[in-house]
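Written out below as structure tokens is the structure these notes cover.
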Amino acid sequence: MTATDMTTSGKTAPDYEYALEIVDLTIDVDKHGERVPAVKNLTIRVRPGESHGLVGESGSGKSLTLRAVMGLFSKGAHYRSGSIKVCGKEVLGPSAPNYDPVIRGKGVSMVFQEPAVALNPIMKVGWQIVDALREQEHLSRADARARAIELMESVGITNPEDRFDSYPFELSGGMRQRVMIAAAIACKPKVLLCDEPTTALDVTIQQQILDIFRSIADSGTALLYVTHDLAVVSQLCGTLSVIYHGRIVEEGTLRDVFDTPKDSYTRQLLSSTPYLKGVMKAAKTGDDNGGVDNSVDNSDGNADSGRKGA
Ligand SMILES: Nc1ncnc2c1ncn2[C@@H]1O[C@H](COP(=O)(O)OP(=O)(O)OP(=O)(O)O)[C@@H](O)[C@H]1O
Ligand SMILES: [Mg+2]
């Protein structure tokens, strides 16, 4: 969905084209006593309602990039140059050398790969969602509790009233991941960053979680979705960037990249994902479906939903 589409659907048009705009970002890391670039002149732009995949092998700089958008630099990682804008406002860059955390929550939020990173193990899960809500929304405790239960339901947590009082260890991995998504979307962020959020889950649960992300993008949120799995990208994203050794080596719509990959690393990635052979074949035969295999089970019955920008 573009900013203009949002007007026609009755929502207020934002005064920016990109919900997330990362331009020329370079991040250094400490390695063997030296500072070396690990993310190099990276540029990614994501429109409202668009799902953009960021694909690359382990250690290529995906998490560093997402964490930079959240202003999270762990020891040994350093912002060097470039600009990050959320909803048109520079949050890191020449005009904002110190990241302003006020953007977190309503502006940008993140789903981490491991719920253990984001969830407090000794706090009941419902209250963790309430915390996320109350930080931004100034709701009363009772209203926040009711809203948290609604959110839990919206991400497919059954019996949310009962589960509200569970500790993270009492839930399955899939349920913990849903709790984390509920907390991340609590304040309806304009940009949602997802760092391999389904890697640890079995395939059926993965499909359900992808459906949730699809509907989040359909509601106008810009998604930047990190994965090393092109099959996931083919189901969720309309556009993608391929990162290799900290550099974007390929970018474009799903069809452009899958049909005519320009970079040798992308070709290697594509050929090592057997599932995608059918996808590429469909793209070549002109199947007008963004080149996506319809055999993918989409529970909303719309095989193309969420793949904006293709
Ligand atoms: N805080 C840090 N200090 C030093 N080096 C770091 C730090 N964070 C990341 N690195 C290094 O930067 C490179 C990119 O790391 P990053 O975590 O972004 O990779 P990634 O693409 O997310 O990999 P994965 O798929 O395994 O999660 C790696 O070589 C990593 O070792
Ligand atoms: Mg990572």
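With respect to the conditions (1) of a type outside the set (Phe, Trp, Tyr); (2) at negative phi; (3) away from ligand 2 (no atom under 16 Å from the Cβ); (4) modelled with pLDDT under 95, Thr198 falls short on a single one, namely (3). Could you list, in sequence order, all residues of the stretch 82-137 that are of a type in the set (Val, Ile, Thr) and closer than 22 Å to Val226 by Cα? Matches in the stretch 82-137: Ile84, Val86, Val91, Ile103, Val108, Val111, Val117. Total residues in the stretch 218-255 satisfying the condition of being charged (D, E, K, R) and over 26 Å from Thr26 (Cα atoms): the figure is 2.
Filtering the stretch 27-43 for residues that are under 13 Å from Leu224 (Cβ atoms), touching an Asp or Glu at 6+ places or on another chain (Cβ under 7 Å) and in contact (Cβ under 8 Å) with a residue 40 or more places away in the chain leaves a non-empty set.
Name the single residue, out of those in the stretch 74-90 being within 16 Å of ligand 2 (Cβ to nearest atom) and either modelled with pLDDT of 95 or more or of a type in the set (Lys, Arg) (or both), that is farthest from the chain's Cα centre (by Cα). Out of the qualifying residues, it is Gly76.
Quick one: in the stretch 49-64, of everything that is of a type in the set (S, T, N, Q) and near ligand 2 (Cβ under 9 Å from one of its atoms), which residue is surrounded by the most Cβ atoms within 10 Å (Cβ to Cβ)?
Ser60
Selection of helices (runs of 4 or more DSSP H) fully inside the stretch 124-188 by the criterion of at least 1 residues being under 18 Å from Gly105 (Cα atoms) returns 125-137, 141-154, 173-185. Do the conditions hold for Ala116, that is, is it hydrophobic (A, V, I, L, M, F, W, C) and surrounded by fewer than 21 Cβ atoms within 10 Å (Cβ to Cβ)? Taking the combined requirement at face value, the residue satisfies it.
Touching a Lys or Arg at 6+ places or on another chain (Cβ under 6 Å) and near ligand 1 (Cβ under 9 Å from one of its atoms): which single residue out of Gly76, Gly56 fits that description?
Gly56
Filtered by the rule that a residue be under 10 Å from the mean Cα position of the chain (by Cα) and within 12 Å of Thr221 (Cβ to Cβ), the stretch 179-202 gives Val191, Leu192, Leu193, Cys194. Give the residue, chosen from Leu223, Leu230, that is under 20 Å from Pro48 (Cα atoms), buried (at least 20 other Cβ atoms within 10 Å of the Cβ) and away from ligand 1 (no atom under 13 Å from the Cβ). From the options Leu223, Leu230, the qualifying one is Leu223.
Hey, could you check the stretch 224-239 for residues that are in contact with an Asp or Glu (Cβ under 7 Å, 6 or more places away or on another chain) and not polar (S, T, N, Q) and say which is nearest to ligand 2 (Cβ to nearest atom)? Walk me through it before giving the result.
Keep residues of the stretch 224-239 that are in contact with an Asp or Glu (Cβ under 7 Å, 6 or more places away or on another chain), which gives 226-228, 238-239.
Narrowing the set further to residues that are not polar (S, T, N, Q) leaves 226, 228, 238.
Details: Val226: 7, His228: 9, Gly238: 22 Å.
Once the filter is applied, the top-ranked residue is Val226.
The values are calculated or read from the model by the stated rules, or taken from the named source; none is laboratory data. Since this is a predicted model, take the numbers as computed values, not measurements. Don't worry about glycine lacking a Cβ; one is built from the backbone with ideal geometry, like all the others, and counts go over all protein chains shown.
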